[in-house]
Amino acid sequence: MITPALGLVTIGQAPRADLRPDAEPLLPGVRLVEHGALDGERFDGPAEPETRRLLAPEPGEAPLVSRLRDGGSVVLGHKALVPRIERAVARAEGDGAAATLLLCTGHFPAVRASRPLLFAEPLVLRGVAATVGPDPVGIVCPHPAQAEDAVHRWSEVAPGSVRAAPANPYAPPEQALQEVAAAARTLAEGGSSWIVLDCIGYTERMRQAAVRAAGRPVLLARAIAVRMAGEVVAAFGRPSQAPATHAGSGS
């Protein structure tokens, strides 16, 4: 029997060495196929400033943040990413992915795919909303400029109050842990009953730091999305059994 494959498409660069240690235990028997929207981009040498400029958010657009192959990070805009994401999804499907998970909790328009394409954002939003009910929720997001957008998006699905605080998951490891802990503590002190680490870049280790700092239950976006994606792959079994499907939607 062919080992079922799950495509993991990051909006940054693959492979995501920071993701596999958390994802693999949640996906026993599943082969992971990684591709990045920015795999063809160069972030070194004299061309780097122009590359970052072309990928940056447009005026008024909520920024996205993702990891580069060298461990650095990049701030991105949705519009520049969509065609690059579509090419990465096609490569994952070409490698036999029965389904593909877009590793970003930002909101995206429809992206073309010939097999099931899962968006982390609605999986996380709706899963968390069903879990926390009317309790107040604190959202940890990577960039200060994302906080207002995070409150808006989460307030549409969470009936309780929503607050947000930033913490950069792509900072040096110990700094990232400190930032996540500080953000979680601030949200708990502000009245949040649950904390959500709302970026694929947040790790299980960061979750534990947030739990210790906040004394509240902490939900991890990457774990929620990966668990659901694994269930979809299990539903098909073999890649050859995955039917064609319409393009996914980030809504």
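Among the helices (runs of 4 or more DSSP H) confined to the range 118-224, the ones with at least 2 residues that are among the aliphatic types (A, V, I, L, M), over 23 Å from Gly71 (Cα atoms) and in contact (Cβ under 8 Å) with a residue 60 or more places away in the chain are located at 120-132. Within the range 172-185, being within 22 Å of Ser73 (Cβ to Cβ) and of a type outside the set (Asp, Glu) holds for Pro172, Pro173, Gln175, Ala176, Leu177, Gln178, Val180, Ala181, Ala182, Ala183, Ala184. For first residues located in the range 228-241 and within 10 Å of Leu6 (Cα to Cα) and among the small types (Gly, Ala, Ser), partners that are at pLDDT 85 or above and part of a helix (DSSP H, G or I) and lie 6+ apart or on another chain with Cβ distances below 7 Å form the pairs Gly230/Leu26.
Just to check your reading of the model, which residue among Arg42, Arg31 is over 15 Å from the mean Cα position of the chain (by Cα) and farther than 22 Å from Glu231 by Cβ?
Numbers: Arg31 fails: farther than 22 Å from Glu231 by Cβ.
One residue alone meets the criteria, Arg42.
The requirement of being touching a strand residue (DSSP E or B) at 6+ places or on another chain (Cβ under 9 Å) and assigned to a loop (DSSP other than H, G, I, E, B) is fulfilled nowhere in the range 84-92; no residue meets it. Each residue in the range 1-40 was checked for being part of a loop (DSSP other than H, G, I, E, B), within 24 Å of Pro173 (Cβ to Cβ) and among the β-branched types (Val, Ile, Thr), and 1 pass. When Asp149 is tested against (1) open to solvent by 50 Å² or more (accessible area, probe 1.4 Å); (2) over 16 Å from the mean Cα position of the chain (by Cα), just one condition goes unmet, and that condition is (2). Of the candidates Val111, Val74, the single residue that is in contact with a Gly (Cβ under 7 Å, 6 or more places away or on another chain), more than 30 Å from Gly160 (Cβ to Cβ), aliphatic (A, V, I, L, M) and at pLDDT 90 or above is Val74.
One line per residue, one yes/no per condition, for (1) buried (at least 20 other Cβ atoms within 10 Å of the Cβ); (2) closer than 28 Å to Gly29 by Cβ; (3) of a type in the set (Gly, Ala, Ser):
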| residue | (1), (2), (3) |
| --- | --- |
| Leu68 | no, no, no |
| Ala99 | yes, yes, yes |
| Cys104 | yes, yes, no |
| Ala113 | yes, yes, yes |
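Under 9 Å between Cβ atoms, which residue pairs at least 6 apart in sequence (or on different chains) link something in the range 43-59 that is part of a helix (DSSP H, G or I) with a partner that is surrounded by 10 or more Cβ atoms within 10 Å (Cβ to Cβ) and of a type in the set (Val, Ile, Thr)? Listed by first residue and then by second, the contacts come to Thr51/Val74; Arg52/Val74; Arg52/Val75; Leu55/Val74; Leu55/Val75. Could you say whether any residue in the range 9-32 is in contact with a helix residue (DSSP H, G or I) (Cβ under 7 Å, 6 or more places away or on another chain), open to solvent by 10 Å² or more (accessible area, probe 1.4 Å) and among the β-branched types (Val, Ile, Thr)? Yes, the range 9-32 contains at least one residue that is in contact with a helix residue (DSSP H, G or I) (Cβ under 7 Å, 6 or more places away or on another chain), open to solvent by 10 Å² or more (accessible area, probe 1.4 Å) and among the β-branched types (Val, Ile, Thr).
The values are calculated or read from the model by the stated rules, or taken from the named source; none is laboratory data. All values derive from a computational prediction rather than experimental measurement. We place every Cβ from the backbone using ideal geometry, glycine too, and count neighbours over all the protein chains shown. In case anyone asks, the SASA skips ligands and DNA or RNA and just uses the protein heavy atoms, side chains included. Shrake-Rupley method; radii C 1.70, N 1.55, O 1.52, S 1.80 Å.
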